[in-house]
Amino acid sequence: MPLTIDTRDALDLKKLPVPPGMQILKIDAEDYTDWAGDPALRVSVLLDESTDVEKVRGAAVTKFQLAIYDNLQKYGIMLFPYFSFAKPSELAETDED
């Protein structure tokens, strides 16, 4: 699914409570099918290498995910978002395998 204008607006970092210390390079979304075969949304969050993932987790990340979920619903996007967080170096590792 190409990102619609509504999806882009819902994922706009200026509209989200980014946890302190979480440096986000970009957020992407694409169609996804969950384990039950239901349509969903895969939300990929690309973190800057400087983000210390040991310091950014728990309630702050949950609040961030809920804000994305709420924003998607405000824009009429009712697909459940499944999240993945990665740094460019982690993505490069998986590309090499």
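Any read-out appearing in this document is the output of simple, stated calculations on the displayed coordinates, not a laboratory observation. The structure displayed is predicted, hence computed values, not measured ones. All Cβ positions, even for glycine, are placed from backbone atoms using ideal geometry, and neighbour counts span all protein chains on display.
Residues checked against (1) in contact with a Phe, Trp or Tyr (Cβ under 8 Å, 6 or more places away or on another chain); (2) over 22 Å from residue 88 (Cα atoms); (3) among the charged types (D, E, K, R):
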position: 10; (1), (2), (3): yes, yes, no
position: 20; (1), (2), (3): no, no, no
position: 33; (1), (2), (3): no, yes, no
position: 39; (1), (2), (3): yes, yes, no
position: 50; (1), (2), (3): no, no, no
If we keep just the residues of the stretch 70-83 that are hydrophobic (A, V, I, L, M, F, W, C) and exposed (fewer than 15 other Cβ atoms within 10 Å of the Cβ), which is nearest to residue 45 (Cα to Cα)? 80
Conditions (1) within 14 Å of residue 10 (Cβ to Cβ); (2) in contact with a Ser or Thr (Cβ under 7 Å, 6 or more places away or on another chain); number of the one not met by residue 65: (2)
Hits in the stretch 29-69 (condition: loosely packed, with under 11 Cβ neighbours inside 10 Å and in a helix (DSSP H, G or I)): 59
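One line per residue, one yes/no per condition, for (1) without any contact (Cβ under 8 Å) to a residue 60 or more places away in the chain; (2) assigned to a strand (DSSP E or B):
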site	(1), (2)
6	no, no
18	yes, no
73	yes, no
85	yes, yes
